[in-house]
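**Q** Provided herewith is a single structure, encoded as structure tokens, for subsequent inquiry.
The values are calculated or read from the model by the stated rules, or taken from the named source; none is laboratory data. Note that the structure is a prediction, hence the values are computed from the model and not measured. We place every Cβ from the backbone using ideal geometry, glycine too, and count neighbours over all the protein chains shown. All accessible areas refer to the heavy atoms of the entire protein, side chains included, with ligands and DNA or RNA removed. Shrake-Rupley method; radii C 1.70, N 1.55, O 1.52, S 1.80 Å.
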Amino acid sequence: MSKEFAGLFIAGTDTEVGKTVVTAGIAAALRESGCDVGVWKPVQSGALAHEEMSDAFRLRAWSGVADRCEEIAPLAFSAPLTPWLAAQAEGKKLTIEEITAHGYPLLAKHDWLLVEGAGGLAVPLTETDMMVDLAVRLKLPLLLVARAGLGTINHTLLSVWYARSRGLVVAGVILNEGASAADQSVATNAKMIECYGNVPVWGALPHTPDELTSERVVALVKQHVHVEWIARLLKQQICKGEVR
């Protein structure tokens, strides 16, 4: 019997909210604790997989996995457009079946995959599917990455409710500090999201002006994210027989 996908699907409430930092940092922290975790970027646009500072390049460098960039992001396109249009610009017509199939080689190497989506849940992925459809197909619990500042309550709750309307389990939210220190909403947004969204906030990463290295990324995640909650969730998947 083929191995089912196990791990987390990591989506943002928008683009450029810090999904790659969160994904790589969690993967590195889990790997340090002995969990065999891989990272997968099903579709990448705006850079080819091997190009420095592409999502695949940074995922590999910061997470510490040995997989090649082309394995992490097997479908990568140069145009900085939504995946469907980026692929179309290169004469490629994506299907959700093909996208899913590209994940199996990585799945064969690892017990769990942290799957980083592109942008938010309603990003066009193929001619008929959006990013949320891939998450549904993979049957993975969802981790949402959101900005920490003003406006994030609305964006996060809409994403939570939309995900649940599609049958996804929203496992948690991580806030990523992109706002100024003067934004007073940062101190209360996590509580508001937990209250109105009935979803746990697993942590909040602070803004850092320093250059990000693998050591810095994993230190930030270990200090500010409840990695043990995530490890517990992954191990429950094994207990339920979802990893074979």
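**Q** Let me know the number of lysine pairs in the chain closer than 23 Å at the Cα, not counting same-chain pairs under 8 apart.
**A** Count of close lysine pairs: 24.
**Q** Sticking with this structure for a sec: Considering amide H positions built from the backbone, and no H for Pro or chain starts, which residues 5 or more places from LEU113, or on another chain, come under 5 Å of its amide H?
**A** ALA6, GLY7, LEU8, GLY38
**Q** Could you work out what % of the accessible surface of the chain is carbon and sulfur, using a 1.4 angstrom probe and leaving DNA, RNA and ligands out of the count?
**A** Its accessible area is 54 percent carbon and sulfur atoms.
**Q** If I build a Gaussian network model for the chain, linking alpha-carbon pairs within less than 10 angstrom, which residue out of ASP183, ASP36, ASP67 has the largest mean-square fluctuation?
**A** ASP183
**Q** What is region 104-244's relative contact order, in percent, from Cα pairs under 8 angstrom and six or more apart in sequence? Walk me through the intermediate numbers first.
**A** Details: 155 pairs, mean separation 27.0, N = 141.
Across region 104-244, relative contact order equals 19 percent.
**Q** Let me check against my output: what whole-number percent is the relative contact order of the chain, with C-alpha pairs under 8 Å and at least 6 apart?
**A** Relative contact order for the chain comes out at 26 percent.
**Q** Work out the length of the dipole vector of the chain about its Cα centre, built from +1 on the beta-carbon of each Lys and Arg and -1 on the beta-carbon of each Asp and Glu, and round it to the nearest 20 debye.
**A** It works out to roughly 680 debye.
**Q** Name the residue from ALA118, LEU220, ILE153 whose Cα lies farthest towards the positive end of the charge dipole of the chain, charges +1 on Cβ of Lys and Arg and -1 on Cβ of Asp and Glu.
**A** ILE153
**Q** Apply the Karplus curve 6.51 cos²θ - 1.76 cosθ + 1.60, θ = phi - 60°, to the phi angles in region 54-62 and return the couplings in whole Hz, x for Gly and Pro.
**A** Running phi through 6.51 cos²θ - 1.76 cosθ + 1.60 with θ = phi - 60° gives 6, 4, 5, 4, 5, 4, 5, 5, 7 Hz.
**Q** Classify region 19-134 as rounded, prolate or oblate from the Cα gyration tensor: take a ≥ b ≥ c as the square roots of its eigenvalues, call it rounded if a/c is under 1.5, otherwise prolate when a/b beats b/c and oblate if not. Don't jump to the answer; show the numbers that get you there.
**A** Values: a/c = 1.92, a/b = 1.63, b/c = 1.18.
Prolate is the answer for region 19-134, as a/c is 1.5 or above and a/b outweighs b/c.
**Q** A further question on this structure: Out of the DSSP beta bridges found with both residues in the chain, what percent are antiparallel (nearest 5)?
**A** Just about 10 percent of them are antiparallel.
**Q** Which whole-angstrom value gives the distance between the alpha carbon centres of region 183-202 and region 119-155?
**A** One Cα centre to the other: 18 Å.
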